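The values are calculated or read from the model by the stated rules, or taken from the named source; none is laboratory data. Being a predicted model, the structure only gives us computed values, none of them experimental. Here Cβ is always computed from backbone atoms with ideal geometry, including for glycine, and neighbour counts include all displayed protein chains. The area values use the complete protein model at the heavy-atom level, side chains included, leaving out ligands, DNA and RNA. Shrake-Rupley method; radii C 1.70, N 1.55, O 1.52, S 1.80 Å.
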Amino acid sequence: MPHAVARLRAERLARSTKPFLARGGPQGARCAGCRLPPSHCLCAWRPSAPAQAGICLLMADTEPLKPSNTGWLVADVVPQTAAFGWARTATDPALSALLADPQWQPLVVFPQEYAAPERVVHQLPQATGPGAVPTRRPLFILLDGTWAEARKMFRKTPLLDALPVLHLQPDRLSAYRLRRSRRDDHFCTSEVAALCLHLAGDHQAATVLDAWLDVFTHHYLQARHQLPPDLQGAAHRRLQAATAGHPAG
């Protein structure tokens, strides 16, 4: 069954009046399961890892169509991934229902300088005191788009205004190589999701997701340069180690 981002991509394509042409990516036929040329298909290695946390992707209009989008990788790995297209003038009722579901504690993942100080948190809420009710499962809301699109989504989505804003403090720089950013402290969507999973204690899922990004990046760049993927190389070895005991999904 297609995952949330694949379904969103199909819905977006159904509304398109002309083909979407990706810039700088591999051209020609693509696998429907991984968006790469058939010669560099990843589907045989696609992993899945259990996670207590959930991921909610709020995606800019064309983001699900881009072959370099890494929200797709999050949905590959994390079963509890939801994806919604963003529009300034409308809110998907399913998104409202998800955020109101009592099993989840939604948190908007965004830099603290863009939020009122009273909304900002650096750790997940914890249950405290005698007889404390266990904390709800974290639902990390990631704004998936260019930096300009993400800021617009953050400012102009009333449904998010009352939610806590989680400010991450990573101890490393982004290793993402498929798109350029003007800031070294910007991370791609799958890297942010992995940081969130680590914060939630889902370390296995986070490690698998980081390794899956490495494999995707390797295959994508090899396809771009018309070179075969190295199935015995460092990226594949890291994924094999990360998924030991966890079969591919």
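Remarks
- R0 of 25 Å, Cβ-Cβ distance residue 148-residue 123: FRET efficiency to nearest 0.05: 0.30
- Compactness relative to 2.2 N^0.38 Å, alpha carbon Rg of segment 52-170: 1.08
- Heavy-atom accessible surface of residue 96, to the nearest 10 Å², is about 50 Å², with a 1.4 Å probe and all protein chains retained.
- The H on the amide N of residue 81, modeled in the peptide plane, is under 5 Å from the matching H of 55, each at least 5 residues off or on a different chain.
- Full-stretch length increase - residue 135, residue 88 - with 0.36 nm per residue and alpha-carbon distance subtracted: 13.8 nm
- Largest to smallest accessible area among 120, 77 [probe 1.4 Å]: 120, 77
- Cβ crowding within 10 Å averaged over residues, with 218-230, 33-45 ranked highest first: 33-45, 218-230
- ³J(HN,Hα), Karplus 6.51/-1.76/1.60, whole Hz, each residue of segment 56-72, x for Gly, Pro: 10, 9, 9, 10, 4, 3, 9, 4, x, 8, 7, x, 8, 4, 9, x, 4
- Accessible-area order (highest first, 1.4 angstrom probe) of the listed residues 86, 104, 147: 147, 86, 104
- Percentage of interatomic Cα-Cα distances in segment 1-122 larger than 18 Å: 61
- Efficiency of FRET from Cβ geometry, residue 226 and residue 16, R₀ 30 Å, rounded to 0.05: 0.60
- Relative contact order of segment 183-236, defined on C-alpha pairs under 8 angstrom at six or more residues apart (%): 26
- Measuring r between the beta carbons of residue 169 and residue 103 and using R0 = 22 Å, the FRET efficiency lands at 0.25.
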